[in-house]
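Novice: Have a look at the structure that comes next, please.
Bear in mind that the values in this text are calculations on the coordinates, not laboratory data. Given the structure is predicted, the values throughout are model-derived calculations rather than measurements. Positions of Cβ are backbone-derived with ideal geometry, glycine not excepted, and every protein chain shown enters the neighbour counts.
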Amino acid sequence: MIVPAIIYRPEHPGGKIPGIVVVNGHGGDKFSWYAFYSGMMFARAGAMVVTYDPIGEGERNIDRKSHAGSHDKIVDALEWGQRLAGLMQVDAMQAVSYLVSRPEVDPKRIAMVGYSMGAFIAGITGAVDTRIHAVILSGGGVFDGPGGYYDMNPLPCQSPPYKALSVLGDRGAVLYALNEARGPMLVMNGDHDTVMDMEHHPPEWFESVRQRAIALRGTDKNMFTTILYPGASHRTSWVTRDGVLWLEQQLHFPNWSAAEILKMPTTHISDWAKANYVDIASNYMREDREGGLDAVGTGFPGILREDLMVLADAQWQAMKDRLTYETWAAKTLAAQSLAK
């Protein structure tokens, strides 16, 4: 498959620079506000940023739509979901491969930030791809036990692949232990996040998983840490001062120091979205969700959808058999039939 992506980079990079991969939440893609805001913000900090379309969304949707949910169709409860999630992880790893291939990027200073479904993908990808130095999971990280959140989630991209990891035993502890072996991780959640069932994943739950992961690794050097925001729900918290400061500590931004980040003005996302005609679903414009975020930096424009299209209409038509979920699904069904 071909993955349409947008690359944001500093205009005048000096020396080796860090790289960041943005992994979208369910229904999100490179057109999502937090994808292009993160791209502009981190490029201003001096990093190269990759944002891309997950399978079934944006230019990888048969109608070139966002929030389409094409990949939610349940074709085969187990094998299909494993293949779908595997594709999503490979897409994220291909973004890492792109950053590693860039001569101006320091391969030891690559981060991945994932939101919601993207946090699920990033958490598993971080457990297997040692090229990633730092990972942020926002609105996620609830890697629990049998019959828990991901086991019971009906989406084919979540329940089947998580159940497939049952062979690991204590899946949450093992995933977090593998991430510790790779590098540092920050898990950011709101304590009122009903999407992630935070009522049943309080700080004590995360601490229990953390201690079990430390026991597996024998060290807490890079073991994940958490931030829990009172009264907050589902949101991309890495754009806030907390997230940017943590990434600065791990990646050492060329253009921004920690002291400078602490003094920087912020942008209230709901106000910015209204002023710049940025499309955010009303349910996410709420103050307890994305609309209530205070993102680092000011003066960022809202980017028009047509300006984020990678392919012209004629190019897309000629290439769509290598782009869309529908084509992937047809090929995958054919491959499964042959295998049987």
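Novice: Between Ser208 and Lys73, what is the spin-label point distance in nm, taking each point 7 Å from the Cα along the Cα→C-beta axis?
Specialist: 4.0
Novice: Could you give the Stokes-Einstein D for the range 48-170 in µm² per second, using the C-alpha Kirkwood radius, 25 °C, 0.890 mPa s? Before the final figure, lay out each step's value.
Specialist: Numbers: Rh = 15.3 Å.
Here the translational diffusion coefficient equals 160 µm²/s.
Novice: Set the Förster radius R0 to 45 Å, insert the Cβ-Cβ distance between Asn276 and Asp197 as r into 1/(1 + (r/R0)^6), and round the FRET efficiency to 0.05. Write out the running numbers ahead of the final one.
Specialist: On the way: r = 33 Å, r/R0 = 0.74.
My answer for the efficiency is 0.85.
Novice: Please report, in debye to the nearest 20, how large the charge dipole of the chain is about its Cα centre when each Lys and Arg carries +1 at its beta carbon and each Asp and Glu carries -1 there. Kindly include the intermediate steps, with their values, before the conclusion.
Specialist: Working: 31 positive and 38 negative charges, 182 e Å.
That gives a dipole near 880 debye.
Novice: Identify the trypsin sites (Lys or Arg not before Pro) of the range 38-91 meeting these criteria: DSSP loop state and at most 14 other C-beta atoms within 10 Å of the C-beta. Show your work: numbers first, answer last.
Specialist: Numbers: sites: Arg44, Arg60, Arg64, Lys65, Lys73, Arg83; in loops: Arg64, Lys65, Lys73.
When the trypsin sites (Lys or Arg not before Pro) of the range 38-91 are filtered for loop state and at most 14 Cβ neighbours within 10 Å, Lys73 remain.
Novice: Rounded to whole Hz and in sequence order, give me ³J(HN,Hα) for the range 99-105 from the Karplus expression 6.51 cos²θ - 1.76 cosθ + 1.60, θ = phi - 60°, writing x for Gly and Pro.
Specialist: Values per residue, Gly and Pro as x: 4, 4, 6, 7, x, 7, 8 Hz.
Novice: Then there is this: Counting other Cβ atoms within 10 Å, which chymotrypsin sites (Phe, Trp or Tyr not before Pro) in the range 231-340 have at most 16 and lie in a DSSP loop?
Specialist: Tyr277
Novice: Amide H to amide H under 5 Å from Val105: which residues, 5+ apart in sequence or cross-chain, H placed 1.01 Å off N in plane?
Specialist: Those lying under 5 Å, H to H, from Val105 are Ile17.
Novice: May I ask you to evaluate 6.51 cos²θ - 1.76 cosθ + 1.60, the Karplus curve with θ = phi - 60°, for each residue of the range 306-321 and list the ³J(HN,Hα) values in order in whole Hz, giving x for glycine and proline?
Specialist: 5, 7, 9, 6, 7, 10, 5, 3, 5, 5, 5, 4, 6, 10, 4, 5
Novice: Under a crude label model (7 Å from the Cα following the beta-carbon direction), how far is Glu11 from Ala181 in nanometres?
Specialist: Reported label-point gap for Glu11 and Ala181 is 4.5 nm.
Novice: Report, by chain and number, residues whose modeled amide H sits under 5 Å from the one on Met112, excluding near sequence neighbours (fewer than 5 apart, same chain).
Specialist: Here Val21, Ala134, Val135, Ile136 satisfy the definition.
Novice: Something else about it: Evaluate E = 1/(1 + (r/R0)^6) for Ser101 and Leu228, where r is the Cβ-Cβ distance and R0 equals 35 Å; express this FRET efficiency to the nearest 0.05. All intermediate terms of the calculation are to be shown ahead of the outcome.
Specialist: Values: r = 37 Å, r/R0 = 1.06.
Efficiency computed from Cβ-Cβ geometry: 0.40.
Novice: Which of His234, Phe206, Trp272 sits closest to the plus end of the dipole of the chain, meaning its Cα is farthest towards the positive end, when Lys and Arg get +1 and Asp and Glu get -1 on the C-beta?
Specialist: In the chain, that residue is Phe206.
Novice: For Cα extents along the principal axes in Å, pick the label among [x] 60, 55, 41; [y] 72, 46, 34; [z] 67, 48, 39 that corresponds to the value derived from the coordinates.
Specialist: [x]
Novice: Please list, in order along the range 7-22, the HN-Hα scalar couplings obtained from phi with the Karplus expression 6.51 cos²θ - 1.76 cosθ + 1.60 (θ = phi - 60°), rounded to whole Hz, x for Gly and Pro.
Specialist: 10, 10, 8, x, 5, 10, x, x, x, 6, 10, x, x, 9, 10, 9
Novice: Positive end of the dipole of the chain, charges at C-beta (+1 Lys, Arg; -1 Asp, Glu), about the Cα centre: which of Ser101, Gly147, Ala43 has its Cα farthest in that direction?
Specialist: Value: Ser101.
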